[in-house]
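Since every read-out is calculated from the coordinates, none of them should be taken as a lab result. Note that this is a predicted model, so its numbers are computed, not measured. No Cβ is skipped: glycine too gets one built from the backbone with ideal geometry, and neighbour counts run over all protein chains shown.
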Number of protein chains: 2
Amino acid sequence: VPLADSPFLRACRCQPVEQVPVWFMRQAGRSLPEYRRLRGTASILEAVRDPELAAEITLQPVRRYGVDAAILFSDIVVPVAAIGVGLEIVPGRGPVVAEPFGSPADLERLRPLQPELDTPYVIETVRRLVAELDVPLIGFAGAPFTVASYLVEGGPSKNFARTKSLMHGDPATWFSLMDALAGIALASLRSQVEAGASAVQLFDSWAGALSRRDYERFALPASRTVLEGLAELGVPRIHFGVGTGELLDLMGAAGADVVGVDWRVPLTSARARVGPGRALQGNLDPAICLAGFDVAASEARRVLAEGGTTGYVFNLGHGVLPETDPDVLARLVELVHAETALGRPAAAGEARP
Amino acid sequence: VPLADSPFLRACRCQPVEQVPVWFMRQAGRSLPEYRRLRGTASILEAVRDPELAAEITLQPVRRYGVDAAILFSDIVVPVAAIGVGLEIVPGRGPVVAEPFGSPADLERLRPLQPELDTPYVIETVRRLVAELDVPLIGFAGAPFTVASYLVEGGPSKNFARTKSLMHGDPATWFSLMDALAGIALASLRSQVEAGASAVQLFDSWAGALSRRDYERFALPASRTVLEGLAELGVPRIHFGVGTGELLDLMGAAGADVVGVDWRVPLTSARARVGPGRALQGNLDPAICLAGFDVAASEARRVLAEGGTTGYVFNLGHGVLPETDPDVLARLVELVHAETALGRPAAAGEARP
């Protein structure tokens, strides 16, 4: 099967599939013992900068789980770190920016990303992966709002007070920051696709902290620049955030082919909000996986029933939690494939492509 | 004006008001310099246990802002701390439980609350306040789910993984925990009302982390026990959580007279979701207050237009942030009163009681 006809890419395009494809956000990483062994004492940024290591980490969950897509091992702050914004990824906490952004002068700390010069290791990792993988590789970037929130807050935030204060109090600086970050995300994603990535996911993880009104004014335009800037490349564009129930239609309209949905909104409701012509991805609560396979299986069956079989990619509603038992995920992949395989007798009332 | 005819209580009952009432969640506390001076080096739990201090802290924002209601200075973990669950409130972090709950045996660490014996200082603080206040006093408690999340996680949580794992993996233990916490919340609230509180707010601050399905099964029944257990006392019951856009109708139906709404859902939408017969409270984004008064005023006017004038209490969508300038809040109170006073010429299309 050529990659373009893989279940994952067909589902992203709302084309009929023989079984529902599945992958997991953060499928590579701390929940896997082989990841912890392989990464050893290297920091996440060190691992990302080592194409051999990053490629191997990306491949681990594909081998173990038999998922329908790989996602590049990287982090949303990699491009801004590469152009010299001083930051580190602190274990158990997340990205921490040494000198948070706050004034117009800080804009000078951002320059356009030149992926061949600034992040050659990302390109090299993608090249190695596409040579080896028989499933599509998903490239990714952080959406301008979410990356900006780290730069402005100086790290993960509960209430995004500094970020919201900046956008409302000094919109000119805010929009300049958004422009710069949109250019960086777009350049990074283009370079990943040009190196062979078959799809991209734009992570606006914290967009759900915004009201619909603020999202529309302060976050969406820059995300649209990124997503529409990728249109000519012809790869599916996934757009995801948590707590975005009020924003799903806007996140689709920003230029997404696939809208990621967390566990708060049933996929049937999400389908109605997003409208026809776009696929959905999600939305099993990752915390459910900690309650053991039987509970996870029962919830997964409900999610599958709500997701339908066309224009749907099974996933969690957010990333795999570090304490997840990998066997639960492995069995979930089997379950999704078995329960949705075309040969299986359809349940009463079930829609089929 | 008798207290029962105060704008706040009338608004809670969806009765016509002469102007929209306003108070702020966490109006007492760290944003006030007089609070920081008064509390000095006392811990929050020490301050709560000192009726003179707790009453004075409760009064400070009433004097400074001219808000239409006072809210008891306390914390949602006060009752469980009083019956011997070892915990402390760590500055900048929140409640931290020394030995998190996880097994059926932990249920023995909870016993029924006897407010006169266990939290006499709360009752005494309420009595002092009602003798002094000329606006209604709001009592409060944490909803069983939110209090349970602190007990099970051991502190504030990002993903509530242990809590969700317990509810799904060991529902019997979970429901026993909910029963115990519902009894504790109900006993605490009854004692506050019997001592003179004119209204209560049940804080299910983190209920928005749950899917609608999980909320309905695992959280709502215990909250209903609390809210319906208060019905005979005849005081308005406010029910609040953040990120609860998908749950607003359920949170109303659980037995609330007033549903608190965060900034993510416009009040017009919230009104449609909650339905007639219940008031709304909210929903200015507290982070907006950090962008200065002009921005906050503009957003407050929009919130007022969406909230309407009947069955509506102006508030923030979550608690006052510690870095908030008190002058912004003082001017917001003036604005809400001035813009909604009956004498003012009504704007085009504006509904009036």
Check: By the scheme Lys and Arg +1, Asp and Glu -1, what is the net charge of all other residues having a beta-carbon under 11 Å from that of B:GLU194?
Finding: +1
Item checked: For residues of B:255-265, the mean tally of beta carbons on other chains within 10 Å -> 2
Notebook entry, point to check: Taking the Cα centre of each part, how many Å lie between the stretch A:179-240 and the stretch A:84-156?
Noted result: 13
Checklist line | Distances in nm from B:GLY84 to the matching label points in the other copies, shortest first (labels 7 Å along Cα to Cβ) | finding: 6.3
Margin query: Given the -39500 (n - 2.57) contribution per DSSP H run of 4+ residues, what per-residue ellipticity at 222 nm results for chain B, rounded to the nearest 500 deg cm²/dmol?
Written below: -12500 deg cm²/dmol
Check: Who wins for biggest fluctuation among A:GLU99, A:GLU153, A:GLU18 in a Gaussian network model of chain A, springs between alpha carbons below 10 Å?
Finding: A:GLU99
Next item on the list: Please list, in chain and number order, the residues 5+ apart from A:VAL77 or on another chain whose amide H is under 5 Å from its amide H, with Hs placed from the backbone.
Entry: none
Checklist line | Under the Karplus curve 6.51 cos²θ - 1.76 cosθ + 1.60, θ = phi - 60°, whole-Hz ³J(HN,Hα) for the stretch A:241-258, x wherever Gly or Pro sits | finding: x, 9, x, 9, x, 7, 10, 4, 5, 5, 5, x, 5, 5, x, 8, 8, 9
Checklist line | Other copies of B:THR268: label-to-label distances in nm, shortest first, labels 7 Å along the beta-carbon direction | finding: 2.8
Next item on the list: Select from chain B the helices, each a whole stretch of DSSP H, whose alpha-carbon atoms run 24 Å or more along the helix axis and whose Kyte-Doolittle mean is at least -1.0; answer none if there are none.
Entry: B:171-194
Next item on the list: Taking the dipole about the Cα centre of the protein assembly as shown, with the C-beta of Lys and Arg at +1 and of Asp and Glu at -1, give me whichever of A:PRO100, A:GLY252, B:LEU181 is farthest to the positive side.
Entry: A:GLY252
Check: Hey, what do the phi angles of the stretch B:24-37 turn into as Karplus ³J(HN,Hα) couplings, whole Hz, using 6.51/-1.76/1.60 and θ = phi - 60°, x for Gly and Pro?
Finding: 10, 4, 6, 5, 8, x, 4, 6, 9, x, 5, 6, 4, 5
Checklist line | For A:158-170, mean number of other protein chain Cβ atoms within 10 Å | finding: 6
Note to self: Need the C-alpha centroid separation for the stretch B:292-319 versus the stretch A:254-331, integer Å.
What the structure shows: 35
Check: Where a ≥ b ≥ c are the square roots of the eigenvalues of the C-alpha gyration tensor, would you call the stretch B:1-109 rounded, which needs a/c under 1.5, or, failing that, prolate if a/b is larger than b/c, or oblate?
Finding: oblate
Item checked: Radius ratio Rg over Rh of the stretch A:267-306, counting only Cα atoms, Kirkwood formula for Rh -> 1.07
Notebook entry, point to check: Taking the Cβ-Cβ separation of A:ALA105 and A:ALA131 as r and a Förster radius of 60 Å, what is the calculated FRET efficiency to the nearest 0.05?
Noted result: 0.85
Next item on the list: Only Lys, Arg, Asp and Glu count, each charged at its Cβ (+1, +1, -1, -1), so figure out the dipole size of the stretch A:89-137 about its Cα centre, rounded to 20 debye.
Entry: 120
Next item on the list: Please list the non-local residues whose amide H lies under 5 Å from the amide H of A:ASP262, H modeled 1.01 Å from N, same-chain partners needing a gap of 5 or more.
Entry: A:GLY243, A:THR244
Margin query: If packing is taken as the average number of other Cβ atoms within 10 Å across a peptide's residues, how do B:138-151, B:203-216, B:294-307 rank, most packed first?
Written below: B:138-151, B:203-216, B:294-307
Checklist line | For B:ILE71, distant residues with modelled amide H under 5 Å away | finding: B:ILE138
Item checked: Mean separation of Cα contacts under 8 Å (6+ apart) over length of the stretch B:113-200, as relative contact order % -> 47
Next item on the list: Mind ranking A:219-225, A:333-339 by how tightly packed they are, going by the mean number of other C-beta atoms within 10 angstrom, highest first?
Entry: A:219-225, A:333-339
Notebook entry, point to check: Ordered by residue, what ³J(HN,Hα) values in Hz, to whole numbers, does the stretch B:195-211 give under the Karplus form 6.51 cos²θ - 1.76 cosθ + 1.60, where θ = phi - 60° and Gly and Pro are x?
Noted result: 7, x, 5, 9, 7, 9, 10, 9, 8, 9, 3, 9, 4, x, 6, 9, 5
Check: From the label point of A:GLU18, set 7 Å from Cα along Cα→Cβ, how far away are the matching label points in the other copies, in nm, ordered shortest to longest?
Finding: 7.7
Next item on the list: Using a Gaussian network model of chain B whose springs link C-alpha atoms within less than 10 Å, name the residue from B:ALA131, B:ALA180, B:ALA197 with the highest mean-square fluctuation.
Entry: B:ALA131
